[in-house]
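*Asks:* Before anything else, here's the structure in question.
The values are calculated or read from the model by the stated rules, or taken from the named source; none is laboratory data. Here the structure is a predicted model, which means the values were calculated and not measured. Because the Cβ atoms are built from the backbone with ideal geometry, glycine has one as well, and the counts that use them run over all protein chains shown.
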Amino acid sequence: MASTKEYLGFVLEQLSDLSGISYRAMMGEYILYYQGKIVGGIYDDRLLVKPTASARKLMPEAPLELPYEGAKEMLLVDEIDDKQFLSELLNAMYDELPVPKKKK
């Protein structure tokens, strides 16, 4: 099941307090970037983020879920209605995320 543009719009609105949020559509789903780093994505109308130490600390009860078959597990974000929490989460995760590889 592909994610809807309505859900993408909702998530982007919830993240609107942060500068540098962008996304890329990929096979019916959406990869989310924060200041150029991949933080997670929207898969089957679920917000999933990379399981960094900061994300695990802020969401100790969050289940690990597969975004799609063959992918690495990611943390499900349940507090999608809390803009302040989402900003705190992405800011906490940022320094732990890898720098994107340069394209040749």
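*Asks:* Checking the conditions here, which among ALA71, ALA92, ALA55 is out of contact with any strand residue (DSSP E or B) (no Cβ under 8 Å at 6 or more places or on another chain), of a type in the set (Gly, Ala, Ser) and touching a residue at least 24 places away in the same chain (Cβ under 8 Å)?
*Replies:* So the residue among ALA71, ALA92, ALA55 that is out of contact with any strand residue (DSSP E or B) (no Cβ under 8 Å at 6 or more places or on another chain), of a type in the set (Gly, Ala, Ser) and touching a residue at least 24 places away in the same chain (Cβ under 8 Å) is ALA92.
*Asks:* Would you confirm, using the coordinates I've provided, whether PRO67 is at pLDDT below 95 and crowded, with 16+ Cβ neighbours inside 10 Å?
*Replies:* yes
*Asks:* Can you tell me which condition GLY36 does not meet? The list is (1) of a type outside the set (D, E, K, R); (2) at pLDDT 95 or above; (3) in contact with a Gly (Cβ under 8 Å, 6 or more places away or on another chain), and all the others hold.
*Replies:* With (1) of a type outside the set (D, E, K, R); (2) at pLDDT 95 or above; (3) in contact with a Gly (Cβ under 8 Å, 6 or more places away or on another chain) applied to GLY36, the lone miss is (2).
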